[in-house]
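Comments concern the structure below.
Please treat every number below as a calculation from the coordinates, not as lab data. Given the structure is predicted, the values throughout are model-derived calculations rather than measurements. Don't worry about glycine lacking a Cβ; one is built from the backbone with ideal geometry, like all the others, and counts go over all protein chains shown.
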Amino acid sequence: MSTRPMDFEGSTRRGPLLWTVLIVGGALLISVITARVVTDYLWFRSIDYQSVFTTQLAARLGLMIGFGLLMFVIVFFSQVIAYRLRPKVRRANLDSDFLIQLRDALDRRSTALMAVPSVTLGILAGMAASGATETFLAWWHATPFDWTDPYFGLDASYYVFTQPWLRFIVGFLLFAVIAGGVAAASIHFMTGALNSAAFRGTGNAPAGLGAQRHLSITFGVVMLLIAANILLDRFGLSTTQNANFTGLGYTDLTTRAPVTAILASIAVIVAILAFVNAWKVRWSVPAAATALLVVSALLLSMLYPWIVQSFEVVPDEQEKERPYIANNLTATRYAYGIEDVEIEDYEATTSASAGQLRQDASALPAIRLIDPTVVPPAFEQLQQVRGYYTFPETLDVDRYVIDGKPTDSVVAVRELDLNSVESGDTWNNRRTVYTHGYGMVAAFGNQRQSNGEPVFFSGGIPTVGQLPDHEPRIYFGEATDYYVVVGSPEGQAPVELDTPSGGEGRTESLYTYSGTGGVPIGNWLTRAAFAMRFGDINLMLSDRVNEESRILHDRIPAQRVQAVAPWLTIDADPYPSVVDGRIVWVLDAYTTTDSFPNSTLSDWTRAISDSRTQADRLLVGQQVNYVRNSVKATVDAYDGTVTLYEWDEEDPILQTWQKVFPGAVTPKSEISPELLEHLRYPQDLFKAQREILGRYHTTSPSTWYTQTDIWQVPNDPVRGGQQGLKEPPYFLTIRWPGDTNPHFANTTVFVPKDRENLSVYMAVNADATSEDYGRMRVLKLSDSKQIAGPGQTYNFIATNPLVADSLLPFNRQGASASAIYGNLLTLPLGGGLLYVQPIYTQTTATTGAYPALRFIVVRFGEEIGIGDTLQAALDQVFQGDAGAETGEQPIDEPAVPSEPSGPEDAQTRARNLLDEAQGLFEAADLALRSGDLADFQAKVKAAEAKIEEAADALS
């Protein structure tokens, strides 16, 4: 007896502490959530997309509250009804002590005990419903496709917008009613209304009659919802993968579709019997009907279709599936935008003769020799300036008008690498000093210096060159995955590192951000919200944060576009361009769905994966069966402004989201002419289309079914051969056979399935200023004459004696430099197909090494040529005279000086030059042994020039 007061006192002592912990924890949770919501709103407002945030938030809260209340009401009132149907008299002599205690607790606190599970399920249901925000908004503002499903006569918008929402509604209600039924059954059990005697019709059966009726009605509602779900499955056959393709096949239309109607009817009958059972309780009838439904589902939905498929379809599958394949072909070609691809037979010649390239003279000077995957180390060594700057691992290809001519260029921006800062890793340095990169670096795609280095037409710090004047600072880029604080009151000394040697006495210059990007955090409440969001108290304590400060966060361009337009799929290759006096990131964005009727599903992640964009081959990514490049987006590198430009004005999905977020997408007519010059046909879309075209280039169901003409993207022989990575498409300026003028294009090749010879060459006009933009054309090679594919050509080049002799000084054991093969380009020239591959050399004797373009290899038919210039290689192939000038000449002086600016850089450059001279002397010895005195003299003279350059670098 003495212990009870002590326990009671202990519990009273623990009570306030527990409540304190709960209150403080709840307050912290609310504060964190509030801080996140407030800072998100301020971020959206800073780029003028607050309507996107508020629309999403309102829809999310509406769904959370609405469906949360619905779940609460169903579960709670199902329990209330069960409690009110409890027996009037307890059967204490039949019940256990545990049940008696449960009933006592229920009688004392019935409302609280029933509310707890109801509230819990309501909260969980509300959170789940909030995840369906995009589905709800798209359904609410759905736009017709004007594309009718051939089987059910429904517009494609039903499958894309309506069906997903109906599935969510039915699934939610089914779960809610089942949850309510389980909760009610628990109450019936605790009150003694639910027991085995009641179901047998013995004992105190009348006391449990109300419970049985209640559960019977609940069961009937569940069966009606199951019937609705089965009917949705009927329409879902149009987007389900069958044995051969996505959509309805013979077995689906003749068995599965009728079976769904039958099963739905049986489910409705079971529901009716359940309702009847509530009036006249006899559980054997609905139980038997339910068993009939289960057996029918097994027999009709599994066994019956298997029998039809195995014994009726398979023996004559091609004929049985012909009309269904035809519908799948039509839908797939439309959904992927490949219905207008132009396929022409091409009798490619393989013989080379003098003057053969005369008609292609306009295309030869545009052949890109600089490989954007090989030259990043050269950009690093020649344009990096300081170790805290960086360039991407793969550079970008863009076009600029230089000296009045459109020029393919290799470009990159000099971003800040926070992991390589030279000074102490302090909060002030990380957040307020090292805030931005500096400058656009651009090199001619078809030129090189005499030493093999790229010819830069824009570079240096400060930026000089032939690009239009522009703001060079990079506050938003692909390497800016951290937040910074910028801005200060007028008159206060700047603290941001701007240029390494732009100050007095060639010291570093400092800068204060003057743009409108980011969120002002002069207000201490705003500052506190961000401090809580990032878990960084320094935002409240640092003197660097003042009344004029702005916080820049979420600075990666793709993330910013994804945040303001979550309904878009973003291309994996953003690229920087100088547009209207600013550096902007250009991003292609797509509207996609996996619910377009009868169109074949593909794995987007795997489709865009190649030797440049690598994805986990075992990872199942986003499934799509409809895609449009509906939006072109830009992100300003200085102030982070995001602009979404309408591109595909006919796309119903884009039109739907424009209704959801009015004004979020800028009309296509507002794209400036200067921006239009830099827009191009997107990489990822082209990759997805070429994957689908592998089988869907044909309109013949028989050809598709027999798989006699499958096109396969070859593996990249240079960088993807061992790993089985596909060859990427290449942006090139080409002249299509029969055309007068060359054009900028995205190009790719195909080989036959499981073969390596070239079978197809494909290109799409990538110039957004052209009337032919998006025109996709295919050259289908004759089967009677084999053309070597990329893998065979790479092997032919690597094992050719002429090439081997030229590369001998770089490939032999102990050589001071090694050879690096560049991308293998394919171009339709001279009535055939020309392969062009740059070969770089790189010293192995210094840490400052970088690749230098040394040779160009050309193959046409069985002829091969290698030279210091493209012209020399072409002339070798075409009997001493290609018939046209490439315009590519190694130059001695770069258009923009490279960046060695200190003793260490000069020494590195001198070592590189001496290594190159050594390679030239070794090549000269080889030429002398072979009796080629002219080549010997040329190599010796070039080596002496390298030695003079090295001496100059050290002087």
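For this structure, a couple of remarks:
- Whether region 255-379 is rounded, prolate or oblate, judged on the alpha carbon gyration tensor where a/c under 1.5 counts as rounded: prolate
- Among 877, 119, 665, sorting on how many other beta-carbon atoms sit within 10 Å of each Cβ, with the fewest leading, yields 119, 665, 877.
- Of 405/687; 726/753; 687/780; 632/687, those spanning more than 25 Å from alpha-carbon to alpha-carbon: 405/687
- Contact order normalised by residue count of the chain, Cα under 8 Å, 6+ apart, percent: 12 percent
- Highest to lowest packing among 758-768, 256-266, scored as the average C-beta count within 10 Å: 758-768, 256-266
- Each residue of region 706-716 was assigned a 3J(HN,Hα) from its phi angle through the Karplus curve 6.51 cos²θ - 1.76 cosθ + 1.60 (θ = phi - 60°); the sequence is 6, 6, 8, 9, 9, 9, 10, 6, x, 5, 6 Hz, with glycine and proline shown as x.
- Sequence-distant contacts, meaning Cα pairs under 8 Å at least 6 residues apart, place the relative contact order of region 46-306 at 19 percent.
- Per-bin percent of Cα-Cα distances, region 46-306 [10 Å]: 7, 22, 26, 24, 14, 7, 1, 0
- Peptide packing: for 514-520, 366-372, the average count of neighbouring Cβ atoms within 10 Å per residue gives the ranking 366-372, 514-520, highest mean first.
- Rounded if a/c under 1.5, otherwise prolate or oblate - region 699-804, Cα gyration tensor axes: oblate
- Set of lysines with alpha-carbon distance to residue 280 below 30 Å, sequence-local pairs under 8 removed: 88
- Order of 540, 114 - criterion: other Cβ atoms within 10 Å of each residue's Cβ, fewest first: 540, 114
- At full extension, residue 420 and residue 844 could sit 150.3 nm farther apart than now, given 0.36 nm per residue minus the alpha carbon distance.
- Of the DSSP H helices in the chain, those with a Cα length along their own long axis of 27 Å or more and a mean Kyte-Doolittle hydropathy reaching 0.0 comprise 3-46, 50-84, 110-130, 163-191, 209-236, 257-279, 933-954.
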